[in-house]
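For reference, the structure discussed in these notes is given below.
The values are calculated or read from the model by the stated rules, or taken from the named source; none is laboratory data. These numbers come from a predicted model, not from an experiment. Ideal geometry is used to build each Cβ from the backbone, glycine not excepted, and the neighbour counts take in all protein chains shown.
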2 protein chains.
Amino acid sequence: IGAVFASWMGKRAVSYRRIEGIPAEWGTAVNVQAMVFGNMGENSSTGVGFTRNPGTGENAFFGEFLENAQGEDVVAGIRTPHPINESSRNEQSKNLKSLEQLMPAAYKELAAIRAKLEKHYHDMLDIEFTIEAGRLWMLQCRVGKRNGLAAVRMALDMQKEKLATKEEAVMRVSPDQLDELLHPILDPKMELGTKPLGKGLPAGPGGAVGMIVFTAEEAVKWKKEGKNVILVREETNPEDVEGMRAAEAILTARGGMTSHAALVARGWGKCCVVGCADVKIDLKARTLHLGGATLKEGDWISLNGSRGFIYTGKMALVEPGEVTMQMLQDFLKFCNSIRALKVWTNADTPADATQARMYGAEGIGLFRIEHMFYGKGSDAALFQLRKMIMSKNLEERKAALNDLFPYMKNDLKATFKVMEGFHVTVRLMDPPLHEFVPHQKEKLEELGRALGISYEELEHRATALRESNPMMGHRGVRLGVTYPEITEMQARAIFEAAAELQKEGIKVFPDIMIPVVSLENEVKNQTEIIHRVYAEVMKQKGVKVKYMVGTMIEIPRACLMAGKLAETMEFFSFGTNDLTQMTFGYSRDDSGPFLNDYVKKGIIPVDPFQTIDQDGVGELIKITVERGRKTRKDLKIGICGEQGGEPASVAFCHKVGLTYVSCSPFRVPIAILSSAQSQIRNPRKNK
Amino acid sequence: IGAVFASWMGKRAVSYRRIEGIPAEWGTAVNVQAMVFGNMGENSSTGVGFTRNPGTGENAFFGEFLENAQGEDVVAGIRTPHPINESSRNEQSKNLKSLEQLMPAAYKELAAIRAKLEKHYHDMLDIEFTIEAGRLWMLQCRVGKRNGLAAVRMALDMQKEKLATKEEAVMRVSPDQLDELLHPILDPKMELGTKPLGKGLPAGPGGAVGMIVFTAEEAVKWKKEGKNVILVREETNPEDVEGMRAAEAILTARGGMTSHAALVARGWGKCCVVGCADVKIDLKARTLHLGGATLKEGDWISLNGSRGFIYTGKMALVEPGEVTMQMLQDFLKFCNSIRALKVWTNADTPADATQARMYGAEGIGLFRIEHMFYGKGSDAALFQLRKMIMSKNLEERKAALNDLFPYMKNDLKATFKVMEGFHVTVRLMDPPLHEFVPHQKEKLEELGRALGISYEELEHRATALRESNPMMGHRGVRLGVTYPEITEMQARAIFEAAAELQKEGIKVFPDIMIPVVSLENEVKNQTEIIHRVYAEVMKQKGVKVKYMVGTMIEIPRACLMAGKLAETMEFFSFGTNDLTQMTFGYSRDDSGPFLNDYVKKGIIPVDPFQTIDQDGVGELIKITVERGRKTRKDLKIGICGEQGGEPASVAFCHKVGLTYVSCSPFRVPIAILSSAQSQIRNPRKNK
């Protein structure tokens, strides 16, 4: 008893109280309790158990025990524990007698208590018990830990068994647990016993195993030869996209959670580890150094993209099965019936859109119109785009835009079709044009021939486009204002695609979104063009498509001007990546190194590109919602930044009254769960 | 009368009313008035005049007239007008009889009216009169236009003559007129008759004439040979600074009002035109193409940096004289006795500080500690800095910092000394480190030898520092958090310099300013270091220097967090360049081209880097002031961005209650005038 009180005044307890703000006057309590003994002979024993199987979620009592032993003996691992019943048997204990066999009466009593406990707590419990001379004593019970699969199965079962309400079932599964169901993972048992070679940022979920390659070209080539590869790069850029798709996973030495590699990989639900600064790549020797080891091209590595670990060698992978997917669907139905926040998806291709719909996405919150210029099959369209970019005057540009038009229209049509009946938010061209200028001399020369101008002239034009801070340069709506013909072509592609589908009987709801806005006049200027093109196209096609024009809110000034912007704009969508960049003055491409250091030193609690910074960015979001809805009461407001699929950010979006969150397809289930949980915690009306 | 009413309903009048929002119901008025005739014979005449000389400001009636003529004849320029009196004679009219000689009675009457008018209006007037058959009729009077010199002289004289109060005198001079007094200008008469070859942004005031050179090296070389040169560059960077200083003026093809060239030139009060996109430079041929002409190295051009015009050939320059400077001082005394807002200066050198004090600056609001690494004589210090930057570990870096220390301390001491008795706000290292990494191979090799590492290794380290958006990268306080030893060295240099001067009896008030802050913990972290170093240095030197620690407010998040930041920070200073960049998402290096287009198309009323955007950036400033002073009632708040010397911005700073504005030395008089005028328009108490 003295020892307990002494510990209350101990140095660690005092500083803990100081940090947590607990007054010393509260004092501490001492429980005085009789001890029971499991080591009183053959009719005594001690055991631990779970009221259901924590590995599979099965509704079967699960546990182990030791005869004539105390609690610590079970944990110590010196003697092999016995199973409490048949369903608890494993490889090691298959020939040992169970508690049910040895002490049927005590087991029966225990089983009854198990049922009683679950009925009381509405959850799976972790219990400890002791049998002293034939008499059963319960030592403790607490909520039991479980993996993702088990969590979902238990939630579903308990609701069926009327042990839990639908709301309780939804609260029983954490977003991380749900994520486990969506991707293959490294075999947890193998991973547990292996020391990682290094650690980076967990940028893309799940596990992956493959052979090291150092270039996108090699990745594609090896993949064709049937090899599984992991692409290791200093950092990636849009020209690597083919290789990234071919690879099982991506590992980069530089870049943060929203670097190019991270964004692309997360969009695909592909395993990815970024910003592992300890990786030293020697491209000439085709080797990498990490954690004292030197690995060469073709060597096997394993990545845990959910935690950022890198291992040498080839670990086993565990894949989600069909039963799992069915459980997932059933569980998401519960969530859907509860949540107030809508869940949309960021999708640029019919494949992504299909995937997201399967998970329950109710619209596309971000279709990046320029993404047709990246990746597989983009060569022809990209070439036309490059011609347009390199045009010197209006005629050259208009000609190039005409050539580009059919590509864009077809691309849009394909995704519109998949999203039949749902809104598709098409973001107009966003990145600075020079991002599409080829770096290789041959490509530049080819372009020069097509345009009929010299290599020198073309190089001169390319140089003129370069910017020292492209993130804050000539991009987004600024392109549309300078070159109205670019906006016009995009609007025409969107409306023609929609009109033609509507004539085929396919319902399409295009929402046109203007990016990088900071001024009221920017949206007025662009909206005029869009409305004019709409009228022209509808007249020509003889139909009426429903559409909206809205803007990304991604520049601090746009937040402050939200009241004015809402006069013209019919919806808002927060681009929280850019908004975070501008609000903090953090370039997401360059902030990795110091942000890691900041998190380590406690300067910032968490990387604001991963979860919304509620104090700063969050205040701007609140200001925007308030001012926007003051002007336009029913303003649709969403979020399409990376944080749209992150649980804490979803909770924030729910709280401030957004209409929807939009995230990459693989995050849709997580967003659905998070928004249902948010509604349970803080109920709100639908918007 | 019918014609007047008809004009009210005319197309132009109708659309003018629509634009200006004037209701048509207001109607228009028709004055019916007898006409007088100046063409009724020899004893009739018509003339115009100014109650004082509008060119020199002299208190002498000034005008011209024509006998037997109507008003339009005087203006038409067919007959040479006569002077009204002796003081109005010029080259052309020196032999003509004056009004005073021809019609002494009418002249006497006119002179009496002139005195009466000035007494009534308290200003110099522009009058029109007619003498009909010996009888004088006054046709109209209005405030007369005048140049800068005349405006100041009249203001001073009228106050002496008790025709105007001090306040009226201060209101009689516009900031632009004051600016005319500070710089040599292109001869206005010559400029009037010459068509400019092209137009860029007016980035540095006054006029300049010189021979074209295309590199900084040539500029320095030609200057040594006694030639006046104008440096023409695509854009400038810190390595051009020597050449920029040697040149009479700078002309660039790229960059906006706050590009490197513009910032440096304005700081020096040097003529500069930037962002003239029509200038095509051919470095190989050493020629430039502009407005159809091809100019080569050594050709003369003339620049008007106040308006952005470029002319071929060598125009005459008009320089401010000693009398002018005395009048300026007298006028500023008036302003000083009125204003509530303090005026400080941005100065990095003793020369700039001296200049600013001469104009009346009451402190330094921005001493950029890293500016000792730019320009003349910086080679040795820069070399030490580069060694520091390229250090791989703490020991290497500390050794380099030790070598750097004496340079920094001496540099600080020199400016502290000049600013005796005043606050000097020293901003800690701001730019990303890679900005100082040499581009030339030889320099890199030299550095490698000094550090004892290979060229390859050095190049590798340099590459690792490169950023894709350096403006939002690893800079400012982020460097200080990552490398506390850099902050420590700077604090030590500041405190040792101050302590040693104080021991010599020189009063110094160093204010340490932390840049690029967005988080409360950043300033806590840095302040701890600064306070610790302070205690160490003071103990060692045996004195106590008064000092403050504050922060730049230049990141939107810092504005929102102002209440929290003020818990630790003793002063704020708005860095409106960066704050504008982040609030709009405009890179000041890249926004020139589209911002010009925006202004032309009316998307934005004015370049927000020139004058504070009151709706957006201004709201953030107001939020900051309100939240900061809520936490710390007497918080000193200033502005040290480029807009600190711009009249509309000064008026805004006055209105929102800032303590001071700080601007480059040549803008100090303008800020003094603007703040006095602001106080007259909207009186407030001192802060």
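Inspect region A:648-668 for any residue being touching a helix residue (DSSP H, G or I) at 6+ places or on another chain (Cβ under 8 Å), within 14 Å of another protein chain (Cβ to nearest Cβ) and within 25 Å of A:Gly363 (Cα to Cα) and give the result as yes or no. Walk me through it before giving the result.
Pass one, region A:648-668, residues touching a helix residue (DSSP H, G or I) at 6+ places or on another chain (Cβ under 8 Å): A:649-658, A:661-668.
Within this subset, residues satisfying the condition of being within 14 Å of another protein chain (Cβ to nearest Cβ) are none.
No - not one qualifying residue is present in region A:648-668.
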Next on the checklist: Looking at (1) surrounded by 21 or more Cβ atoms within 10 Å (Cβ to Cβ); (2) assigned to a helix (DSSP H, G or I); (3) within 12 Å of chain B (Cβ to nearest Cβ), which one does A:Glu456 not meet, given that it meets all the others?
Outcome noted: (1)
Checklist entry - Inside region B:372-381, can you point out the residues that are in a helix (DSSP H, G or I) and either surrounded by fewer than 21 Cβ atoms within 10 Å (Cβ to Cβ) or touching a Lys or Arg at 6+ places or on another chain (Cβ under 7 Å) (or both)? => result B:Asp379, B:Ala380, B:Ala381
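State yes or no: is A:Leu428 buried (at least 19 other Cβ atoms within 10 Å of the Cβ) and either over 21 Å from A:His371 (Cβ atoms) or within 14 Å of chain B (Cβ to nearest Cβ) (or both)?
no
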Next on the checklist: What's the total number of residues in region A:161-197 that are surrounded by fewer than 17 Cβ atoms within 10 Å (Cβ to Cβ), of a type in the set (Asp, Glu) and more than 19 Å from A:Ser678 (Cβ to Cβ)?
Outcome noted: 2
Checklist entry - Among the numbered criteria (1) of a type in the set (D, E, K, R); (2) surrounded by fewer than 22 Cβ atoms within 10 Å (Cβ to Cβ); (3) within 21 Å of B:Gly365 (Cβ to Cβ); (4) within 10 Å of chain A (Cβ to nearest Cβ), which single criterion is violated by B:Arg632? => result (4)
Checklist outcome for this item: In region B:447-494, anything of a type in the set (Asp, Glu) and modelled with pLDDT of 85 or more is listed as B:Glu485, B:Glu488
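Using the structure shown, decide if B:Asp157 is among the acidic types (Asp, Glu), at pLDDT 95 or above and over 18 Å from B:Val36 (Cα atoms). Spell out the reasoning first.
Working: among the acidic types (Asp, Glu): yes; at pLDDT 95 or above: yes; over 18 Å from B:Val36 (Cα atoms): yes.
Yes, satisfied.
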Next on the checklist: Considering only region A:285-295, I want to know if a residue exists there that is of a type in the set (Ser, Thr, Tyr) and touching an Asp or Glu at 6+ places or on another chain (Cβ under 8 Å).
Outcome noted: yes
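Considering only region B:585-605, state which residues are hydrophobic (A, V, I, L, M, F, W, C) and within 7 Å of chain A (Cβ to nearest Cβ).
Taking region B:585-605 first, the residues hydrophobic (A, V, I, L, M, F, W, C) are B:594-595, B:599, B:603-604.
Residues satisfying the conditions are B:Phe594, B:Ile603, B:Ile604.
Scan region B:98-142 for residues that are of a type in the set (Phe, Trp, Tyr), farther than 19 Å from B:Lys162 by Cβ and not in a strand (DSSP E or B) and report the count. Reasoning before the result, please.
Residues of region B:98-142 of a type in the set (Phe, Trp, Tyr): B:107, B:121, B:129, B:137.
This time we only want the ones that are farther than 19 Å from B:Lys162 by Cβ, so: B:107, B:129, B:137.
With the extra rule that they be not in a strand (DSSP E or B), the set shrinks to B:107.
Final tally of qualifying residues: 1.
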Item to check | Subset of region A:478-518 (residues that are within 13 Å of another protein chain (Cβ to nearest Cβ), free of Cβ contacts under 8 Å to residues at least 60 places away in the same chain and crowded, with 24+ Cβ neighbours inside 10 Å) | outcome: A:Arg478, A:Gly480, A:Val517, A:Ser518
Checklist outcome for this item: Among helices (runs of 4 or more DSSP H) entirely within region A:1-80, at least 3 residues that are within 19 Å of A:Arg142 (Cβ to Cβ) occur in A:71-76
Checklist entry - Before we move on, is A:Leu136 surrounded by fewer than 16 Cβ atoms within 10 Å (Cβ to Cβ) and either under 30 Å from A:Thr252 (Cβ atoms) or in contact (Cβ under 8 Å) with a residue 12 or more places away in the chain (or both)? => result no
Checklist entry - Which ones in region B:569-587 are more than 11 Å from B:Ile553 (Cα to Cα) and either in a strand (DSSP E or B) or free of Cβ contacts under 8 Å to residues at least 12 places away in the same chain (or both)? => result B:Gly585
Item to check | So B:Gly421, is it within 14 Å of chain A (Cβ to nearest Cβ) and at positive phi | outcome: no
Checklist entry - Which is closer than 30 Å to B:Asn525 by Cβ, at the interface with chain A (Cβ under 9 Å from one of its Cβ atoms), touching a Ser or Thr at 6+ places or on another chain (Cβ under 8 Å) and not polar (S, T, N, Q), of B:Met582, B:Met569? => result B:Met582
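Could you grab me the full set of residues in region A:520-552 that are within 14 Å of another protein chain (Cβ to nearest Cβ) and of a type in the set (D, E, K, R)? Step through it out loud before you land on a result.
First pass over region A:520-552, keeping only residues within 14 Å of another protein chain (Cβ to nearest Cβ): A:520-529, A:551-552.
Result: A:Glu520, A:Glu522, A:Lys524, A:Glu528.
Which of the residues spanning region B:138-162 are of a type in the set (A, V, I, L, M, F, W, C) and under 15 Å from B:Lys116 (Cα atoms)?
Filtering region B:138-162 down to residues of a type in the set (A, V, I, L, M, F, W, C) leaves B:138-139, B:141, B:143, B:149-152, B:154-156, B:158.
Of everything in region B:138-162, those that are of a type in the set (A, V, I, L, M, F, W, C) and under 15 Å from B:Lys116 (Cα atoms) turn out to be B:Met138, B:Cys141, B:Val143, B:Met158.
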Checklist entry - Here are some residues: B:Asp157, B:Asp179. Which one is within 24 Å of the chain's Cα centre (by Cα) and under 29 Å from B:Ala340 (Cα atoms)? => result B:Asp179
Next on the checklist: I'd like to verify a number: residues in region B:601-629 that are crowded, with 24+ Cβ neighbours inside 10 Å and assigned to a loop (DSSP other than H, G, I, E, B), how many?
Outcome noted: 5
Item to check | Residues (among the β-branched types (Val, Ile, Thr) and either more than 10 Å from chain A (Cβ to nearest Cβ) or within 34 Å of the chain's Cα centre (by Cα) (or both)) located in region B:459-477 | outcome: B:Val477
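Taking the options A:Gln526, A:Gln490, name whichever one is out of contact with any Ser or Thr (no Cβ under 7 Å at 6 or more places or on another chain) and more than 21 Å from B:Val617 (Cβ to Cβ). Full working, then the answer.
Values: A:Gln526 fails: out of contact with any Ser or Thr (no Cβ under 7 Å at 6 or more places or on another chain).
Unique residue meeting the criteria: A:Gln490.
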Checklist entry - Which residues, counting only those in region A:456-480, are touching an Asp or Glu at 6+ places or on another chain (Cβ under 6 Å) and of a type in the set (A, V, I, L, M)? => result A:Val477
Checklist entry - Taking the condition closer than 26 Å to B:Ser649 by Cα, touching a His at 6+ places or on another chain (Cβ under 6 Å) and modelled with pLDDT of 95 or more, does B:Leu332 pass? => result no
Checklist entry - From the residues in region B:206-235 that are touching a helix residue (DSSP H, G or I) at 6+ places or on another chain (Cβ under 6 Å) and of a type outside the set (Lys, Arg), which one is surrounded by the fewest Cβ atoms within 10 Å (Cβ to Cβ)? => result B:Val220
Checklist entry - Could you count how many residues in region B:336-371 are more than 18 Å from the chain's Cα centre (by Cα) and either more than 30 Å from B:Ile389 (Cβ to Cβ) or surrounded by fewer than 18 Cβ atoms within 10 Å (Cβ to Cβ) (or both)? => result 6
Checklist outcome for this item: The lone condition B:Val170 fails out of (1) in a strand (DSSP E or B); (2) in contact with a Cys (Cβ under 7 Å, 6 or more places away or on another chain); (3) not assigned by TED's automatic domain parsing to the domain that holds B:Leu283 is (1)
